[in-house]
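The structure appears below as structure tokens.
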Amino acid sequence: MRIAMFSTKPYDRRSFEAASQGARDLLFLEPRLTVETAVLAAGAPAVCLFVNDDASAPVLRALHAGGTRLVLLRCAGFNNVDLHEAARLGITVARVPAYSPHAVAEFTVGLMLSLVRGIHRAYQRTRDGNFALEGLLGFDLHGKTAGVVGTGKIGALVARALAAGFGCRVLAYDVHRDAALEALGVRYVDLPTIARESDIITLHCPLTPETRHMVRAETLARAKRGLVLVNTSRGGLVDAEAAIEALKSGQLGGLALDVYEQEADLFFEDLSNEILTDDVIARLLTFPNVLVTGHQAFFTAEALQAIAETTLGNAAKVEAGQPLGAAEVTLAATAPRPA
Ligand code: NAI
């Protein structure tokens, strides 16, 4: 079965070639999947997509017309796929439900530490011969209240690191509770309580119509002054323009983003010779207390290997008519689980 792989970079090619050992017909394509590029997959029964590929209804129809019946997501999130249209067309959608939650959780804690201690700024300063500390005053994580929104695989690891590792008071919000975290002292509360009491908030829930802009002007207005916000989940969870206003007023004391709502036109590309036309990201990058990374949290050797192996395993299961289990993304999988 030929797999047309969109948005591929040299590191994708290396990890998928190593995992397939030459046993798979992999077509590595650099373009992002859009309605214009879907034709590149003509004749391929399967496509393999990443986070910023567009698998909306018109794109799925174009793929289907070219013979595609399987969408292999090489990521965990599936907010970029129109599952209603996929079901209507009889296209199977598979993902990598877990590869290395540690990769994302560790990066999240790294962003948090960089931001609250100004490590990103110190790196720049010392390279310029500036060893002054003025402006780099941070605060201890120990004893602070951290709000973790979404305590699935990644959020649970972050909550554990903050509670057991750093000695934070951890408040959590999720549609279901993790008893092991509660045993560590993590307390489940509602979202307004998280917003009101947290010094730091970190987001780890999926992007759905319900969670889009869960952090917006009203949320930020209710927060503690100087709140530090970290988002390594999906850009759409945060209203970036509201965040800019809150940064300008000092209500938001720090912001670390590995994801950005309009990232599809920016991230994973070297745009250093181009003029940035997105005024929101351009403004965000002017704040000394904003740290932006380009959807890098997953990017470890372990995660790339696991992604390639699971994705090719998903393709093999579909070919063999075997059930995909947790890797299958169905409309039912998107329904909220009972509390
Ligand atoms: P997961 O499925 O294990 O956990 C998600 C948790 O969010 C679940 O416990 C679920 O009950 C909870 N949840 C669902 N709706 C919610 C709501 N409305 N409010 C609060 N909680 C809600 O997923 P995992 O593996 O922990 O990943 C979390 C997110 O991280 C993914 O959705 C993905 O978007 C993002 N991600 C980002 C990466 C990066 O490189 N920056 C890499 C991998 C994942």
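Of the listed requirements (1) in a helix (DSSP H, G or I); (2) closer than 16 Å to L285 by Cα, F267 misses just one: (1). Just so you know, in the stretch 232-250 the residues that are of a type in the set (D, E) and assigned to a helix (DSSP H, G or I) include one that is nearest to V280 (Cα to Cα), and it is E241.
Okay, residues lined up against (1) at pLDDT 95 or above; (2) surrounded by fewer than 16 Cβ atoms within 10 Å (Cβ to Cβ); (3) not assigned by TED's automatic domain parsing to the domain that holds A316:
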residue	(1), (2), (3)
T8	yes, no, no
R14	yes, yes, no
F28	yes, no, no
A76	no, no, no
V93	yes, no, no
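For the stretch 35-56, a residue qualifies if it is surrounded by fewer than 17 Cβ atoms within 10 Å (Cβ to Cβ) and under 22 Å from the mean Cα position of the chain (by Cα), and exactly one does: S56.
With the condition kept exactly as written, say whether any residue in the stretch 156-175 is among the basic types (K, R), under 23 Å from the mean Cα position of the chain (by Cα) and in the same structural domain as G226 (by TED's automatic domain parsing). Among the residues of the stretch 156-175, at least one is among the basic types (K, R), under 23 Å from the mean Cα position of the chain (by Cα) and in the same structural domain as G226 (by TED's automatic domain parsing), which makes the answer yes.
Looking across V186, V93, one residue alone is within 30 Å of G67 (Cβ to Cβ), touching an Asp or Glu at 6+ places or on another chain (Cβ under 8 Å) and not charged (D, E, K, R). It is V93.
Name, by its number, the condition in (1) among the aromatic types (F, W, Y); (2) free of Cβ contacts under 8 Å to residues at least 60 places away in the same chain; (3) assigned to a loop (DSSP other than H, G, I, E, B) that does not hold for Y99. Unmet condition: (2).
Examine the stretch 246-258 for a residue that is over 30 Å from L137 (Cβ atoms) and of a type in the set (D, E), and state whether such a residue exists. Checking the stretch 246-258: not a single residue is over 30 Å from L137 (Cβ atoms) and of a type in the set (D, E). Return yes or no: is E210 more than 10 Å from the ligand (Cβ to nearest atom), assigned by TED's automatic domain parsing to the domain that holds D278 and of a type in the set (D, E, K, R)? No: the conditions fail for E210. Looking at this structure, is L247 out of contact with any Cys (no Cβ under 9 Å at 6 or more places or on another chain) and of a type outside the set (G, A, S)? Yes: the conditions hold for L247. A single entry from I307, I281 fulfils the requirement of being assigned by TED's automatic domain parsing to the domain that holds L113 and either outside any loop (DSSP other than H, G, I, E, B) or modelled with pLDDT under 95 (or both): I281. Return a yes/no flag: does the stretch 76-92 have any residue that is farther than 30 Å from G167 by Cβ, in a loop (DSSP other than H, G, I, E, B) and of a type in the set (K, R). No, the stretch 76-92 has no match at all. Within the stretch 198-210, the residues that satisfy the criterion of being of a type outside the set (A, V, I, L, M) and surrounded by 16 or more Cβ atoms within 10 Å (Cβ to Cβ) are S198, D199, T202, H204, C205, P206. Of the candidates Q296, Q305, Q262, the single residue that is of a type outside the set (G, A, S) and either in contact with a strand residue (DSSP E or B) (Cβ under 7 Å, 6 or more places away or on another chain) or farther than 26 Å from D174 by Cα (or both) is Q305. Residues of the stretch 124-141 that are part of a helix (DSSP H, G or I) and more than 16 Å from L291 (Cβ to Cβ): T126, R127.
The values are calculated or read from the model by the stated rules, or taken from the named source; none is laboratory data. Quick caveat, the model's predicted, so the values are computed rather than measured. We place every Cβ from the backbone using ideal geometry, glycine too, and count neighbours over all the protein chains shown.
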